[in-house]
Amino acid sequence: MSAENIIPARHWGQRLVAVFLIAIVGFAIYMVATSRHISWSTIPQYVFDETILDGIRLTILFTILSMVISIVAGAILATMRLATNPVLSGFASLYIWFFRGTPLLVQIIFWFNIQLFIPSIDVGFFQMDTNVVVTAFVAALLALSLNEAAYMAEIIRGGLLAIDDGQYEAAKALGYTPTQAMIRIIFPQALRVIIPPIGNQTISMLKTTSLVSVVAAQDLLTRAQNIYARNFLIIELLIVASLWYLLMTTIASALQYMIEQHFGRSSRQPMGPWRAALRVMRAEGTKG
């Protein structure tokens, strides 16, 4: 039988499921679009409202600051977790266990109310009311950063463990100190493993920042809530906030894709001199 006479199999089950899903989605869109309880004409008025735009800027600021802090803290925790010193390793394990085991919402509320048991910060002759230091913004940033650091630590630790032990041995044989080996050899290779989950966590953080609305940290959702508390256009303002969250996560996803493609290309490029030397050292060690 020639290739022209081959008839592809018909997957009727998949077609029925596809039709069913299209019908469900179409019905849901129709119900929302034809609802008389949604004032669609007012939504465009608030999309570029200055209050909403201020909330967007603060949401982006929360995301950037919390991710930068958590990546730095996560790298330190991952290094401590891999250390041979039981105190360092135990502290990192305890930190990760605690912050991953308690809800982020609870942590946000805790930091916002920390003045209940630490009313003032006293350092020698210096004294300041805790509420002055730990504002709603600071409380939200602390909670987001410290919580995310626990996840970053495990992501970075996983990337470091993915590197073959021979890389450490070859770096040591070439005269690198442990710090130099980590910065110049191990960590650049681990980036290919680390970057995709960090990108996913960043996109997740964009949406997670909405939790800070419980302490009125003036992010996007908080600003939308402030507006609909006055005009009672609850669904309309939530749609506006959702549209902006979708736009931000879409842009972040595109940036993540480009970064992954860049590091994917770099991993397929010819080896540099130091990588070639490492491979030679490993080969000689194997022969020995």
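The values are calculated or read from the model by the stated rules, or taken from the named source; none is laboratory data. Small disclaimer: the values here were computed from a predicted structure and weren't measured. Positions of Cβ are backbone-derived with ideal geometry, glycine not excepted, and every protein chain shown enters the neighbour counts. The protein model used for the area step is the full one, side chains on, heavy atoms only, and it has no ligands, DNA or RNA in it. Shrake-Rupley method; radii C 1.70, N 1.55, O 1.52, S 1.80 Å.
Things worth noting here:
Conditions tested, residue by residue: (1) more than 30 Å from Tyr176 (Cβ to Cβ); (2) modelled with pLDDT of 90 or more; (3) open to solvent by 30 Å² or more (accessible area, probe 1.4 Å).
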position	(1), (2), (3)
Ile203	yes, yes, no
Ser213	yes, yes, no
Ala229	yes, yes, yes
Leu243	yes, yes, yes
Ser267	no, no, yes
Val280	no, no, yes
Lys287	no, no, yes
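- Elements of type helices (runs of 4 or more DSSP H) contained in the range 1-102, each with 2 or more residues being in contact with a Phe, Trp or Tyr (Cβ under 8 Å, 6 or more places away or on another chain): 50-82
- Positions within the range 29-68 being surrounded by 10 or more Cβ atoms within 10 Å (Cβ to Cβ), farther than 20 Å from Met205 by Cβ and among the β-branched types (Val, Ile, Thr), in sequence order: Ile29, Val32, Ile38, Thr42, Ile43, Val47, Thr51
- Criterion (within 21 Å of the chain's Cα centre (by Cα), open to solvent by less than 90 Å² (accessible area, probe 1.4 Å) and either under 23 Å from Gly158 (Cα atoms) or of a type in the set (A, V, I, L, M) (or both)) met by exactly one of Ala83, Ala73: Ala73
- Residue tally, condition touching a Leu at 6+ places or on another chain (Cβ under 8 Å) and polar (S, T, N, Q), over the range 95-147: 3
Condition check ((1) farther than 30 Å from Asp165 by Cβ; (2) small (Gly, Ala, Ser); (3) at pLDDT 95 or above) across all residues:
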{"position": "Met80", "(1), (2), (3)": "no, no, no"}
{"position": "Asn85", "(1), (2), (3)": "no, no, no"}
{"position": "Gly124", "(1), (2), (3)": "yes, yes, no"}
{"position": "Ala143", "(1), (2), (3)": "yes, yes, yes"}
{"position": "Tyr151", "(1), (2), (3)": "no, no, yes"}
